[in-house]
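Trainee: Take this structure first; my questions come after.
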Amino acid sequence: GQRPRRSAKAAARTAHQVAQRFPWAAPAIAATLAGWVMVALLGTGTRRMGTVAQLDARFWQRLWRIVVASALMGLCLWGTMHGLGDLLSTPTIRYAALLALILVGILSYFLAAQLVGALRLRELRSVLRRG
């Protein structure tokens, strides 16, 4: 209905106001607002799907592990970012440094999720096989 459309318009209006006051932060803030609007829209839309779209007990049992794996990934990214230092802003190699940062994020989350039990390789394989 009408409610999600209004919240999307309010988010767009807020993003525009922030962009005028803080132009350097506007892309990050707009992406964050868009993400939260999407969460609200998905939450509203999945309610109509019934139990098919509800989070199961397995998710709730693993939630703390997912949070821990995310925090470990954040620490790895923070350390890598500081390790790369000026390489992230050097015109000739900043994209390679950014790619390295992205790869560290992917690998560190995967490894941390495996270590704390947030993700099981066997389950990932079965999901990928099902397509």
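Trainee: Over the chain, with a Gaussian network built from C-alpha contacts below 10 Å, which listed residue (ARG13, ARG62, ARG120) shows the highest mean-square fluctuation?
Mentor: Evaluated over the chain, the most mobile residue of the options is ARG13.
Trainee: Hey, another quick one. For the pair ALA71/ALA53, report the inter-label distance in nm, with labels modelled 7 Å from Cα in the Cβ direction.
Mentor: 3.1
Trainee: OK, next. I need the calculated FRET efficiency for the pair ARG120 and THR46, taking r as the beta carbon distance and R₀ as 30 Å, to the nearest 0.05.
Mentor: Efficiency at R0 = 30 Å is approximately 0.75.
Trainee: Anyone know which of ARG58, ARG94, ARG21 comes out most mobile in the 10 Å Cα GNM of the chain?
Mentor: Of ARG58, ARG94, ARG21, the most mobile in the Gaussian network model is ARG21.
Trainee: Work out how much length ARG94 to TRP36 would gain on full extension: take 0.36 nm times their residue separation and subtract the Cα-Cα distance, in nm to one decimal.
Mentor: Working it through step by step, the gained length comes to 17.9 nm.
Trainee: Over the chain, what per residue volume does the convex hull of the Cα atoms give, in whole Å³? Walk me through the numbers on the way to the answer.
Mentor: Numbers: hull volume 21.5 nm³, N = 131.
Taking only Cα atoms, the chain has a hull volume of 164 Å³ per residue.
Trainee: Just the number, please: Stokes-Einstein D of segment 1-76 in µm²/s, Kirkwood Rh from C-alpha pairs, 25 °C, 0.890 mPa s.
Mentor: The calculation lands on 163 µm²/s.
Trainee: What percent does the relative contact order of segment 1-110 come to when contacts are Cα pairs within less than 8 Å and at least six residues apart?
Mentor: Once divided by the residue count of segment 1-110, the mean separation gives 18 percent.
Trainee: Using only DSSP helix segments of four residues or longer, with each worth -39500 (n - 2.57), what per-residue ellipticity at 222 nm results for the chain after dividing by its residue count and rounding to 500?
Mentor: Taken over the chain, the calculation gives -27000 deg cm²/dmol.
Trainee: Additional query: Treating only the Cβ atoms of Lys and Arg (+1) and Asp and Glu (-1) as charged, compute the dipole magnitude of the chain about its Cα centre; round to the nearest 20 debye.
Mentor: The calculation lands at about 740 debye.
Where a number appears in this text, it was derived from the coordinates with a stated rule and is not lab data. If you're wondering where the values come from, they're calculated on a predicted model, not measured in any experiment. Reconstructed Cβ throughout: ideal geometry from the backbone, glycine too, with neighbour counts over all protein chains shown.
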